[in-house]
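What follows is a set of notes on a single structure, which appears directly below.
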Amino acid sequence: DLCQPDSEGGYQVIGNMMLQQWGPFWDTSAKFLIQKTPSLDVLFFERIKVMPTLHVVIVRHPLVSNALRVPMIQEAWMGAYSHLFEELNEGRIEWYAVVSYEALIENREAVIEELVEVVKSGIRRRERGRNRRLRRSPEATSPQSTGRGRRRLPMHKKDRAGESRKYLFPQDKSLKMWTMCASRKECRATTELLTESVYPNLGFVSITEDGEVKSLSAAPGPVTVAEGFDRVLFSSEAESLRSYREERGYEVGAEYVGDRPPGELIAKMKEIFNREGENYRIIHKDTKNEPLSD
């Protein structure tokens, strides 16, 4: 089974095969080769890599996301990301950055600047062994990318035509699913639990009709990220990002922002995922044989 090779050599075989398959779609003379995948199986791609590889993962509030519209969406989201965060926390992925979709919308320039720093830091780490360094450029951060002074957002529908912030609003199908979830006791309880104990750790907050940022609500509506979480959320390049932010006087929203995902968050996510998954299996078992109503 090539998907589960018995040795590291087997992973190398798969990596070279995939490189040959993807090669025709790349300019292989370029310094960086980019591949986009919807898969969160980062460990697999880490194992098959045949060259230095940076994994950039985008996380989004699951009930606003327009990619997943399935029952138990929050449980599926939590199972996938708790597994991924655990791999990152344990150091099984060498070079990575996690950013929120909402941060890319709200603070795009600053997020990109920090991702560039993650790239440079990873290259510096690899080149230290060859006694070469890639120095950071000393240019100052532009005022528009500091993320400061942004507490009121023009969120009215009539004002956001063609603007990127429209993507912070759940679209019709996602809004319908979220509303349906809120009307069901078990789903609503899960949403309330995650809204209190998990989602805020990623910086998620709600936006009022007047464009004010407020504590995250379990009710359907637009979601963004709080100030201090609108940068790289987790990364292998914690030390470099810390220095980068100190030089610019930027304060993060929590001590772990820019570092590995915290173990306490992972444990909470896994605990809720296991409990809610078991509740779903019990409910499904009790109702699967019920006759359909007319």
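If you filter segment 11-47 down to residues that are in a helix (DSSP H, G or I) and small (G, A, S), you find that the one that is surrounded by the most Cβ atoms within 10 Å (Cβ to Cβ) is G15.
Considering segment 81-106, the residues that are crowded, with 21+ Cβ neighbours inside 10 Å and in contact with a Pro (Cβ under 6 Å, 6 or more places away or on another chain) include one that is nearest to V223 (Cα to Cα), namely F85. Cβ-Cβ contacts under 6 Å between residues 6 or more apart (or on different chains), taken from a first residue in segment 168-184 that is of a type in the set (S, T, N, Q) to a second residue that is at pLDDT 90 or above, are listed as T179/P220.
Of everything in segment 211-225, what is among the hydroxyl-bearing types (S, T, Y) and open to solvent by less than 30 Å² (accessible area, probe 1.4 Å)? Give them in sequence order. Step through it out loud before you land on a result.
Keep residues of segment 211-225 that are among the hydroxyl-bearing types (S, T, Y), which gives 215, 217, 224.
Selection gives T224 alone.
Every residue in segment 64-78 that is at pLDDT 90 or above and of a type in the set (V, I, T), please. V64, the sole residue that qualifies. Per the conditions (1) within 25 Å of K268 (Cα to Cα); (2) part of a helix (DSSP H, G or I); (3) at pLDDT 90 or above, the sole criterion not satisfied by H61 is (2).
Consider segment 109-124. How many of its residues are closer than 29 Å to S164 by Cα, open to solvent by 10 Å² or more (accessible area, probe 1.4 Å) and touching a helix residue (DSSP H, G or I) at 6+ places or on another chain (Cβ under 8 Å)?
Selection size over segment 109-124: 3.
If you check E237, E251, which single one turns out to be among the acidic types (D, E) and modelled with pLDDT under 95? Of E237, E251, the one residue that is among the acidic types (D, E) and modelled with pLDDT under 95 is E251.
Okay, residues lined up against (1) at pLDDT 95 or above; (2) within 16 Å of the chain's Cα centre (by Cα); (3) among the hydroxyl-bearing types (S, T, Y); (4) surrounded by fewer than 19 Cβ atoms within 10 Å (Cβ to Cβ):
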site	(1), (2), (3), (4)
P154	no, no, no, yes
Y167	no, yes, yes, yes
W178	no, no, no, no
K185	no, no, no, yes
L202	yes, yes, no, no
E209	no, no, no, yes
V232	yes, yes, no, no
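The values are calculated or read from the model by the stated rules, or taken from the named source; none is laboratory data. Remember, it's a predicted structure, so these values are computed and weren't measured experimentally. Cβ: placed from backbone, ideal geometry, glycine included. Neighbour counts: every protein chain shown. The area values use the complete protein model at the heavy-atom level, side chains included, leaving out ligands, DNA and RNA. Shrake-Rupley method; radii C 1.70, N 1.55, O 1.52, S 1.80 Å.
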